[in-house]
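Note sheet for the following structure.
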Amino acid sequence: MEAENRMKRGLAESGNYSGNRQIRIGNILLPSNVLMAPLAGYTCYPFRMLAYELGAGLCFTEMCSANALKYEDRATKRLLVTSKDEKIKAVQLLGGNPAVMERMAGSELLKEFDIIDINMGCPVPNVFKSGEGSALMLDAKRASAIIRGCKKSGKVVTVKCRTGIKEDDMFTAEFARVCEAAGADMITIHGRSRSMMYDGKPYVSEIALAKDAVSIPVIANGGIFSVEDGERMLEQTGADGIMLARYGLEYPFIFSQLTGKTCEKTPFQLLMEQIELTDRYYDETFTLNYIKKLASYMMKKRKGTKKYKERLFKSGSLEELREVIEMIFS
């Protein structure tokens with residue numbers, strides 16, 4: 001436990017990470033330039049509040065389908081849960097129809113959100129085939145129309161994309177210019193092409209080219225699993241900030257280390273608070289599923305916890321879940 005606490009405080013107290021700073025996107029000033037990526041099944045309201053508490057400058061909802069929102073799909077509307085305690089609210093929209101994206105960006109459903117992030121990077125086959133996500137990188141005209149349409153909402157509009165479609169044919173800087181010209185206030189670049197999915201070393205040189213090509217903030221994403229990785233990403237790309245993804249789930253204290261925001265809580269305390277907050281806003285089934293997934297991520301690299309994993313996922317009530325989590329993390 002003492003070793004874990006030393007690691008948790010380590011770099012945050014020593015100030016070794018020099019990249020943290022405020023960043024302005026449109027009319028919004030983010031308290032730090034360390035962002036949390038939208039992750040399906042994870043970046044619900046409780047996790048976003050956790051990341052903010054630990055120092056994240058901006059967190060996004062899970063990816064929300066504009067078409068599903070158009071029909072007020074119940075499951076999709078649940079992705080929009082928020083409260084006045086979430087000071088900066090950012091929603092990620094997925095869609096390929098400019099008219100539908102414009103309509104939903106300005107809809108009552110999103111009235112509480114300050115920022116709309118347009119997903120132009122999802123590599124999943126069924127999304128790509130439908131002309132959404134990373135497929136928009138192949139259609140600059142439609143991508144531009146979507147950005148312009150979302151801007152009509154009066155909200156800050158950002159874009160998350162990749163370096164291109166194929167590893168041997170990247171056009172990151174060119175697409176970044178398209179986004180800026182259409183009115184995007186910020187662009188986040190996952191340093192892999194669509195064909196690379198989530199594997200392989202990110203192409204930091206492509207992010208650097210995009211940073212040099214535009215005047216709006218550029219955020220670097222992909223392959224960041226430590227403070228050193230974050231420092232290196234900023235140095236090699238010149239980006240205005242970094243975005244964490246899976247490692248933010250595995251080790252949430254990385255936000256504290258990257259931003260210098262002190263946190264004295266233990267993983268056990270964080271998970272207990274997550275249970276309470278999730279149970280307050282969602283039903284028991286959702287709470288059980290979400291906490292099991294988050295706890296499973298946070299168990300990684302913790303010695304002697306594998307024997308509890310089966311019991312964790314078999315927990316059928318919040319009481320059982322609390323007992324198992326205490327065994328694992330206390």
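Close amide H contacts of Thr188 (hydrogens built in the peptide plane, cut-off under 5 Å, sequence separation of 5 or more or a different chain): Val159, Lys160, Cys161, Ile219. When only Cα pairs below 8 angstrom with a gap of at least 6 residues are kept, region 115-227 shows a relative contact order of 25 percent. Cross-link partners for Lys211 among the lysines, with Cα-Cα distance under 17 Å and sequence neighbours closer than 8 places in the same chain left out: Lys160. What whole-number distance in Å separates the alpha-carbon centres of region 93-112 and region 39-79? For region 93-112 versus region 39-79, the Cα centre distance is 15 Å.
Placing pseudo-labels 7 Å out from each Cα toward the beta carbon at Ser195 and Lys84 gives an inter-label distance of 5.3 nm.
In region 198-255, the C-alpha radius of gyration followed by the widest Cα-Cα span (Dmax) gives 11.4, 34 angstrom. With the simple model of a label 7 Å out from the Cα in the direction of the Cβ, Leu138 to Tyr281 spans 3.7 nm. Close amide H partners of Cys64, meaning residues 5 or more places away or on another chain with modelled amide H under 5 Å apart, are Gln92, Leu93, Leu94. If you find the alpha carbon centre of region 125-143 and of region 267-330, how far apart are they in angstrom? Using only Cα atoms to place each centre, the spacing works out to 37 Å. Shown for region 59-203: the carbon plus sulfur share of the solvent-accessible area, taken with all protein chains present and a 1.4 angstrom probe, equals 49%. When peptides 233-241, 212-220, 121-129 are sorted by average Cβ neighbour count within 10 Å, with the highest value leading, the order is 233-241, 212-220, 121-129. Annotation: lysines with alpha-carbon distance below 27 angstrom to Lys301 (same-chain offsets under eight excluded): Lys8, Lys201, Lys261, Lys265, Lys292, Lys293, Lys309, Lys314.
The values are calculated or read from the model by the stated rules, or taken from the named source; none is laboratory data. As the structure is a computational prediction, the values presented were derived from the model and not from experiment. Virtual Cβ from ideal backbone geometry, glycine too; neighbours counted across all protein chains shown. The accessibility values were calculated without ligands, DNA or RNA, using every heavy atom of the protein model including side chains. Shrake-Rupley method; radii C 1.70, N 1.55, O 1.52, S 1.80 Å.
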